[in-house]
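The values are calculated or read from the model by the stated rules, or taken from the named source; none is laboratory data. In this text the structure is predicted, and so the values were computed from the model without any measurement. Cβ sites come from the backbone with ideal geometry, for glycine too, and all protein chains shown count toward neighbours. Note: accessible area is taken over every heavy atom of the protein model, side chains too, but ligands, DNA and RNA are not part of it. Shrake-Rupley method; radii C 1.70, N 1.55, O 1.52, S 1.80 Å.
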Amino acid sequence: MLAVFANSNQQWNSTHQTLLLLQKCKTSNDVNQIHARMITSGFINNTNFTSKVITTLSSSPYMPLVEFARYVFFARHAFRMRKKREDPYLWNAIIKSYSHGVEPKQALIVFCLMLEIGVCVDKFSLSLVLKACSRVGLVKEGMQIHGLLRKMELGSYLFLQNCLIGLYVKCGCLEFARQFFDRMPTRDSVSFNSMIDGYVKCGNIDSARELFDCMPTKEKNLISWNSMISGYAKLGDGFESASELFEKMPERDLISWNSMIDGCVKCGKMNDAQALFKRMPKRDVVSWANMIDGYAKLGRVDLARALFDQMPGRDVIACNAMMGGYVQNGYCKEALEIFHDMQCERDLCPNDTSLLIVLSAIAQSGHVDKGIAIHGYLAKNEFPLNGKHGVALIDMYSKCGSIEDAISVFEDVEGKNVDHWNAVINGLAIHGLGELAFDLLMEMERLSIEPDDITFIGVLHACGHVGLVKEGLLCFELMRRIHKVEPKLQHYGCMVDILGRAGHIEEARNFIDDMPIEPNDVIWRSLLSACKNHNNLNVGEPVAERLIGMDSSNSSSYVLLSNMFAGHSMWNDVRRVRVMMKERNLKKIPGCSWIELEGIVHEFFVQNKSHLQVGEIYSTLDNPGTPSSLVTPCN
């Protein structure tokens, strides 16, 4: 960088020019070169100059400059002799660099250092440290600042009172916030809006409305109206109230319109959303993305795509909405095409959400080669795998049939959380590696990693697939008695499946009878399937009758009952069930398998001969000379 400045004949004979050069720096190397020049020129000893460096660079968007401002402050200003009651503006600049930056806790440490060495704090110091506490939920420390504020008799400043309300609201202490709010002699729009926003975010819309209604008209602004509309729109039954407020608004902005459209989308009212969308005086990418998402959730991918194609300018948010809509509806190929287009566009860079969506699409479609390419993209761009990306990679490899790669990713992740363990355990379950899944649960116990409800679903599912009845029962008891995880329907369903697959039909039936929650059709169907596999008509027939009564339109219950009757040569009953299916226009849903060969996914349905190479496939299968190693069943 110095060479560039030299070529442009930059002079180093003034502090002003040096400061201008510093502001152009973006990397630590650039800063270090100018720092060296400041030392050789003696500018580093100029107190006025270093003060300007701190105030100018502490608010820079580039971290090397912010870090340099902090370095100069602590090296040249923090511990020097100072005048009595000296203005702490430099301290405040450094506290602000932390409270508004990525390390808000450090703001509290700097503030404590001020008090320790006798620097006079002012109202701005207090407001900045209160913001830091509210950002990271330090309610205890915030209360201590509150006490200090009262001791220093600075509590009469309205903006500091609002900071305290913001602290208590963001820390979830709404009762403290309301008590303080009610004692305030004077309130402004910030006071009201902070309390309303707090109530809305915790779902207490009635208290929010009470405050909104008693709020002086002159204090109500767009933030007040938008908070209420957003709160009502998020409620399942609050759309009408949101709409009523929306029509009364004296003025609206994009947030108002988008909140209403978002509310319509969440309620499935796409006709109302479309009407609002047409009325909007101005739209942004959020408006378009909400509409795309809404149509996709209703399965109208065609309308979502039509809107996507009409957009005047797309960004990553819109592309993610369209990709997500495709994946939700099983159009994984189309989702991957959009991702490919994003990579080709110079102005569109996939973000974290884009990568999670595309990994989900690959997991569903089984294109492991594309998954390997995304894995390479993540590595090349240095995305950390200790979060959602690592979990998504493990899930993708598992579902694409490459459990070895899934385990490899899992083992390479540093700082694994429970989601990584869950992903690999579920992958092992899919591949029938129940013993290994159970061993991983024991490893979690050894490492004191707390499993959650998803962990136990994965382990129970794995135990069921390989007949580990004893291990499954142990896992269920560990969950309830040791980890105090309340069993859900999925856990009970897994236990019924474990007992049923092992032929313990009566135990499975008794287990269902003893459940504290109502079993659903999936649990009953699991028991019916076990009855069919183990020829237990005595338990199976009443279970099938119950299922048909619960959901007469599901063909699987009829098919299982018919097959049970056939297994006992009860042909009249078989005929009776088939007639019922015909009368109710029910058809058996064919099974489906797929394999990936040379990057192409081939899909096969039962009794379907539409594959282009069907003749060749059947010829190979029918040839008695075909080695058994070449014939692999697809699951």
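General observations
- Those residues of the range 211-247 which are more than 31 Å from the chain's Cα centre (by Cα), farther than 14 Å from Gly198 by Cα and not acidic (Asp, Glu), in sequence order: Cys214, Met215, Pro216, Thr217, Lys218, Lys220, Asn221
- When residues of the range 280-294 are limited to those that are under 13 Å from Ser259 (Cα atoms) and not small (Gly, Ala, Ser), the one least open to solvent (accessible area, probe 1.4 Å): Met291
- Looking at Cys202, Cys133, Cys173, just one residue is more than 16 Å from Pro88 (Cβ to Cβ), in contact with a helix residue (DSSP H, G or I) (Cβ under 9 Å, 6 or more places away or on another chain), open to solvent by 70 Å² or more (accessible area, probe 1.4 Å) and not aromatic (Phe, Trp, Tyr), and that residue is Cys202.
- For Ser562, the test of being small (Gly, Ala, Ser), at pLDDT below 90 and within 35 Å of the chain's Cα centre (by Cα) is failed.
- Residue within the range 424-443 that is touching a residue at least 12 places away in the same chain (Cβ under 8 Å), open to solvent by less than 10 Å² (accessible area, probe 1.4 Å) and β-branched (Val, Ile, Thr) present: yes
- Exactly one residue among Val459, Val469, Val539 is closer than 24 Å to Asp395 by Cα and aliphatic (A, V, I, L, M), and that residue is Val459.
- Residue ID - nearest to Arg187 (Cα to Cα), chosen from residues in the range 220-230 that are open to solvent by 10 Å² or more (accessible area, probe 1.4 Å) and of a type outside the set (Phe, Trp, Tyr): Lys220
- Gly330 passes every criterion in (1) free of Cβ contacts under 8 Å to residues at least 12 places away in the same chain; (2) not in a helix (DSSP H, G or I) apart from (1).
- Taking the conditions (1) within 21 Å of the chain's Cα centre (by Cα); (2) outside any loop (DSSP other than H, G, I, E, B) in turn, Lys416 satisfies each one other than (2).
- When the range 483-515 is filtered for residues that are over 27 Å from Met444 (Cβ atoms), without any contact (Cβ under 8 Å) to a residue 24 or more places away in the chain and either in contact with a His (Cβ under 6 Å, 6 or more places away or on another chain) or open to solvent by 70 Å² or more (accessible area, probe 1.4 Å) (or both), the ones remaining, listed by number, are Glu507, Asn510, Asp513, Asp514.
- Candidate set from the range 333-366 (those that are open to solvent by 80 Å² or more (accessible area, probe 1.4 Å) and in a loop (DSSP other than H, G, I, E, B)); member that is nearest to Pro384 (Cα to Cα): Cys349
- Conditions (1) open to solvent by 20 Å² or more (accessible area, probe 1.4 Å); (2) more than 30 Å from Ser224 (Cα to Cα); number of the one not met by Arg252: (2)
- Once the range 377-398 is narrowed to residues that are among the aromatic types (Phe, Trp, Tyr) and in a helix (DSSP H, G or I), the residue that is least open to solvent (accessible area, probe 1.4 Å) is Tyr397.
- Pairs, first without any contact (Cβ under 8 Å) to a residue 40 or more places away in the chain in the range 94-111, second in a helix (DSSP H, G or I) and open to solvent by 90 Å² or more (accessible area, probe 1.4 Å), C-beta under 6 Å, six or more apart: Pro104/Arg135
- Qualifying residue in the range 263-277 (condition: open to solvent by 20 Å² or more (accessible area, probe 1.4 Å) and over 29 Å from the mean Cα position of the chain (by Cα)): yes
- Verdict on Cys112 being surrounded by fewer than 16 Cβ atoms within 10 Å (Cβ to Cβ) and closer than 27 Å to Arg70 by Cα: yes
- Test: residue in the range 459-482 that is among the small types (Gly, Ala, Ser) and surrounded by fewer than 21 Cβ atoms within 10 Å (Cβ to Cβ): yes
- The residues listed here are Thr55, Thr50; of these, the one that is part of a helix (DSSP H, G or I), open to solvent by 30 Å² or more (accessible area, probe 1.4 Å) and more than 19 Å from Gly166 (Cβ to Cβ) is Thr55.
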